[in-house]
Amino acid sequence: MGPGLTGYIIRRLLWAAPVLFVISVLVFGMLRMAPGDPVDRILGTHYEESAARQLRQKYGYDRPLYVQYVKYIQNLAHGDLGVSTLHTDFTATDVILPKVWISSQIGFLALVLTFGLGIPVGIYAALARGTFIDPLVISWWLALDAIPVFVLTTLTSWLFALKLGLVGLSWDGVYSTHIILPVLVLALPGVAGVARFMRASVISVLGEDYIRTARAKGLKESTVVFRHIARNAMLPMITVIGLSLPGIAGGALFVEQGFGIPGIANESLQAALAPDYDVILALVLFGSVLFVLANVVIDVLYAFIDPRVRLGARRG
Amino acid sequence: MAIAEVAYVPEIVLPARRRFRVLRQIVRKKIAMLAICYLLIFYSAGLLAPVIAPHDPNEQHVTLADRRQAPSSEHWLGTDTLGRDLFSRVLYSARTTVLFTVVVLVTGGLFLGLGLGLLAGYRGGWIDTAVMRTGEVLSGLPTLVLMLAITAAFRSRITDMSFWLQDHTFLGQDAGTFLKFLIVAGATVPFAWVGSARIVRSQALAIREDTYVEAAEAMGASGWRVITRHIFPGVMPLWMVGLSGSMAGIAGAEVALSYLGLGIDPPGSSFGSLIEAAQGTVNLEHYPHLLIASAGPVILFFFAWNLLGDALVDLLESRTTQAR
């Protein structure tokens, strides 16, 4: 790792600070400006005005907006993301982290499956270009992608769990056979996108001179496909893989709802409905930080893999 | 709900004179033609819903015999749990989807996506930086959390406004649905323009350097004229490809929010709420037509847009490889 790379990483991370600042101001402002506040949720429909006043005072909602924001940033600087009003006595961090962990594990399994299927399917479709197999394969995965996830969860859990009794449904931790269906439902709709990207990438590589050279040398077709085509076509794939990584920490709402997984997306829905100010903000900031990090990691990876990439010149 | 994702679009510049070839080639693709036919049917059914719906979609018949009827000549797709004619409700749901995609297309795709993309690509400088950085920030946000937060926050306080609209405008009974529609659109549009703006910008950047643009500028053409007459025609094909690839995601956002009860809910019709009502073990076992009738049309709608988007990308690509 040369000095240029370290400098680049530092520059990118510094650039992230103002972006995160803008995001926090926007979301903070939007949440507080929107009608309704957590106190309504805590107290229900009928309550004494004095009780509401007391609670607003406790959480500081009675103070001017900028005072609240400055206070929030001060706490944030100390690593304090605030408290949850939905789960009283829990900090936002305590609410989020265990659920992010659950969602991430399931999401990671699904991601491996999506790319593990999508990449070979894409290569296959590209090599079968011009025959009926190519559109058939791609259309099949596109059809799967068209089914809304909440329909997929209902149908699969009804068919495989209730009718055929192949798998259990209730949440039983990540390490059990019960997560087979959620992982499949999460992974399979994404295959179409990966396959299409990979297909396009392979097709652009197919036209390169070195492929013709490799074939002209009399190399075995399998060697050409795996060594020359697939490896080079994988390069742009790094961005796709990298950018889908932060997404898995956000969970998948309909999968978590459909299969009763106590993950972060379910928590997001609850937080958004409550509204649970600090938890929503923590979720948004957490997601944004992961996104920024993923981008930096992608750029650094490219610099390692492809020495022609000049990091200073790359646009974000 | 991946509306902020960028659909894959090859980075090429099309000569303007070739752009009608896309139309001619698409006619030759059978799958794409099937998709276009289905979309035409879907869109006309949605627009003409009030004319062709055989029943009032909100007319309830709650006696046991009238509820969850199987398809018959009277009720083509049967009736739902409240005895409402399902075919009419599906038509009105299609209407919601059609209006929603058109509204988001015009505001997010056309106005923000194309407009900001052209501006950023042609003008460059600080405008470019501002637009692209904003897009970057928006695409980095966890879209779902924010859409949920926005819709949940605004929905809770629309009752007074919908009463006012009901009394003072032509909307009448539809005032509540109209407001909910606005909220869902308002939550979708901020995330829906980024993809098309990026595509348009990169195209506009390339075309800006062409000699004919330079010539137009040298002759004293205004910025508006250069953008609309010289840059837009070159940008249009890829912009349309990008849009067609993201349409399923945009329509899906409304369906998903409605499914959660945060979008269009009864008495308004949406595929999301239809599907939600059709689920459950009892319905699946004994009344499967409820789910088939409400999910089928919208699944085909997503599928058709997916296929069309794929076919368009393929057309652009095959021409680049041929050009090599």
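Annotations for the structure displayed:
- Across segment A:1-17, the number of residues qualifying as under 15 Å from A:L76 (Cβ atoms) and surrounded by 15 or more Cβ atoms within 10 Å (Cβ to Cβ) comes to 1.
- Listed by first and then second residue, the pairs linking a residue in segment A:132-160 that is at negative phi to a residue that is open to solvent by 10 Å² or more (accessible area, probe 1.4 Å) and of a type in the set (V, I, T), with Cβ atoms under 7 Å apart and 6 or more places separating them unless they lie on different chains, are A:P135/B:I31; A:V137/A:V121; A:S139/B:I31; A:W141/A:V121; A:A146/B:I299; A:I147/B:I299; A:W158/B:T281; A:F160/A:V167.
- Helices (runs of 4 or more DSSP H) fully within segment B:111-156 that include at least 1 residues being facing chain A (nearest Cβ under 8 Å): B:125-140, B:143-155.
- Single residue of segment B:157-175 satisfying the filter (under 19 Å from A:L273 (Cβ atoms) and open to solvent by less than 90 Å² (accessible area, probe 1.4 Å)) that is farthest from the other protein chains (Cβ to nearest Cβ): B:T159
- For segment A:245-256, the criterion of being in a helix (DSSP H, G or I) and free of Cβ contacts under 8 Å to residues at least 60 places away in the same chain is met by at least one residue.
- Comparison of A:L97, A:L65, A:L31, A:L20 shows that the only residue that is open to solvent by 60 Å² or more (accessible area, probe 1.4 Å), modelled with pLDDT of 80 or more and under 16 Å from A:I280 (Cα atoms) is A:L97.
- Selected residue [β-branched (V, I, T) and under 15 Å from B:L114 (Cβ atoms)] from B:V241, B:V255, B:V213: B:V241
- Number of the condition not met by A:A128 [criteria: (1) facing another protein chain (nearest Cβ under 10 Å); (2) open to solvent by less than 20 Å² (accessible area, probe 1.4 Å)]: (1)
- Restricting A:S288, A:S268 to those that are in contact with a Gly (Cβ under 8 Å, 6 or more places away or on another chain), outside any loop (DSSP other than H, G, I, E, B) and within 18 Å of B:A153 (Cβ to Cβ) reduces the list to A:S268.
- Flag for B:D310 being among the acidic types (D, E) and at the interface with chain A (Cβ under 7 Å from one of its Cβ atoms): yes
- Residue in segment B:181-195 that is closer than 22 Å to B:W224 by Cα, open to solvent by 10 Å² or more (accessible area, probe 1.4 Å), touching a residue at least 40 places away in the same chain (Cβ under 8 Å) and not in a helix (DSSP H, G or I) present: yes
- Candidate set: segment B:263-284, residues that are in a helix (DSSP H, G or I) and out of contact with any Leu (no Cβ under 9 Å at 6 or more places or on another chain); chosen: the one least open to solvent (accessible area, probe 1.4 Å): B:F271
- Within segment A:32-64, the set of residues being among the acidic types (D, E) and closer than 17 Å to A:Y277 by Cα comprises A:D37, A:D40, A:D62.
Residue by residue, here is whether (1) closer than 24 Å to A:G190 by Cβ; (2) at the interface with another protein chain (Cβ under 8 Å from one of its Cβ atoms); (3) among the charged types (D, E, K, R) holds:
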residue	(1), (2), (3)
B:G249	yes, no, no
B:G252	yes, yes, no
B:Y259	yes, yes, no
B:F271	yes, no, no
B:L274	no, no, no
B:V282	no, no, no
B:L290	no, no, no
B:A295	yes, yes, no
B:V298	yes, yes, no
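- Of all the residues in segment A:266-280, those that are within 10 Å of another protein chain (Cβ to nearest Cβ) and crowded, with 24+ Cβ neighbours inside 10 Å number 9.
- Residue match in segment B:295-312 (condition: crowded, with 22+ Cβ neighbours inside 10 Å, modelled with pLDDT of 85 or more and charged (D, E, K, R)): yes
- Scanning segment A:33-68 for residues that are within 30 Å of B:S139 (Cβ to Cβ) and at the interface with chain B (Cβ under 10 Å from one of its Cβ atoms) gives A:M33, A:A34, A:P35, A:G36, A:D37.
- You will find that of A:P182, A:P189, the residue that is at pLDDT 90 or above, within 13 Å of another protein chain (Cβ to nearest Cβ), open to solvent by less than 40 Å² (accessible area, probe 1.4 Å) and not in a loop (DSSP other than H, G, I, E, B) is A:P189 and no other.
- Of the residues making up segment A:238-265, those that are open to solvent by less than 50 Å² (accessible area, probe 1.4 Å), more than 11 Å from every other protein chain (Cβ to nearest Cβ) and either under 16 Å from the mean Cα position of the chain (by Cα) or charged (D, E, K, R) (or both) number 6.
The values are calculated or read from the model by the stated rules, or taken from the named source; none is laboratory data. What you see is a predicted model; the values in this text were computed from it and never measured. Counting neighbours? That spans all protein chains shown, and the Cβs are built from the backbone with ideal geometry, glycine included. All accessible areas refer to the heavy atoms of the entire protein, side chains included, with ligands and DNA or RNA removed. Shrake-Rupley method; radii C 1.70, N 1.55, O 1.52, S 1.80 Å.
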